[in-house]
1. Name the residues of region 139-160 whose amide N is less than 18 Å from a point 7 angstrom out from the Cα of Ser114 along the C-beta direction?
2. Please compute the alpha carbon radius of gyration of region 87-136, then divide it by the globular-protein estimate 2.2 N^0.38 Å. Two decimals is fine.
3. Treating the angle as unsigned and between 0 and 90°, give the value, to the nearest 10°, between the Cα long axis of helix 34-51 and the longest Cα principal axis of the chain.
4. Counting only GluC sites (Glu not before Pro) that are in a DSSP loop and have at most 12 other C-beta atoms within 10 Å, tell me the longest site-free stretch of the chain.
5. At a 1.4 Å probe radius, carbon and sulfur cover how many percent of the accessible area of the chain?
6. Using a Gaussian network for the chain with springs between C-alpha atoms less than 10 Å apart, which of these wobbles most: Ile110, Ile53, Ile125?
7. Out of Lys103, Lys225, Lys207, any idea which swings most in a Gaussian network model of the chain, alpha carbons joined below 10 Å?
8. Relative contact order for the chain: what is it in percent, counting Cα pairs under 8 Å that are at least 6 residues apart?
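The values are calculated or read from the model by the stated rules, or taken from the named source; none is laboratory data. Owing to the predicted nature of the structure, the values given are computational and were not obtained by experimental measurement. As a convention, Cβ positions derive from the backbone with ideal geometry for all residues, glycine included, and neighbour counts pool all protein chains shown. What goes into the accessible areas is simple: the full protein's heavy atoms, side chains included, and nothing from ligands, DNA or RNA. Shrake-Rupley method; radii C 1.70, N 1.55, O 1.52, S 1.80 Å.
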Amino acid sequence: MLSFDKLLQNLSLGVFSNLAIGSDGAGFIQEDSRAKIGLYTNEALTELYGQFILSEKSFDLLTFAEKGEYVINSTNSFIGSGLVYDPTVLDPNGPNIIDSEDKPFKDDVIKILSIDTPRGYKLPINDPENGCSAFSPHSELLRFNAPVEGEVLTVRYQANHAEIIVGKCGGYDDQTVDLPKVLHDALYSYIAYKVFTSMNTPENTAKAREHLQLYTQILAKVVNKDLVSESTVFTHDKFENGGWV
């Protein structure tokens, strides 16, 4: 893992070594720019976690016969709604994502990977020719043609990185970036691309394109040489997330 402090240091010593934001290579990012770097770090991590399945998790979804669409975010989870799941009291107008205080739903879905019924049947996904198919138009919506009353489905998904939160006064001491080392340079390049793009001058726009090109080249190398295994450690109620393998 890479601490956020170490990330800031590496950016200063590397891609921002000639910029005021990187304190001219002194090893730290200017304090008034750290929140912006945090924002761009989250955007870069979302890009990378979308390109590769670096984290895989699951949640349980409670379905009802008269309800075909299910919102997949914390507003439709029991904890996010301030409720506790009780299997003896089922409300089709209530939340559908079953979570708990110790494992709340995190709004980190990138892509739905599989959906299993309690009987062990794997539902097809986005197959218009199959009447039993589930449909996921985007990461925050699931549709079913024939949902079963009171059925609890296990939904596995490609998960995003936890959000890095950086306040104006710091507050990121314990935060880390969970990313394979072979993708660190891609992370730096994407952050640099966003920073130079925000400067909005012809010279900086050209520099932004260079960093975006480098980012693309690094990803191509990683894919071509199969440097990132996507056989991730599965996370569900009985397992702890093991990150990437």
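1. Flagged as within label range: 152-159.
2. Relative to the 2.2 N^0.38 Å estimate, region 87-136 comes out at 1.42.
3. On a 0 to 90 degree scale, this one is about 50.
4. 150-229
5. Carbon-and-sulfur percentage of accessible area, whole number: 51.
6. Of Ile110, Ile53, Ile125, the Gaussian network model singles out Ile125 as fluctuating most.
7. Lys225
8. Reported as a whole number, the value is 25 percent.
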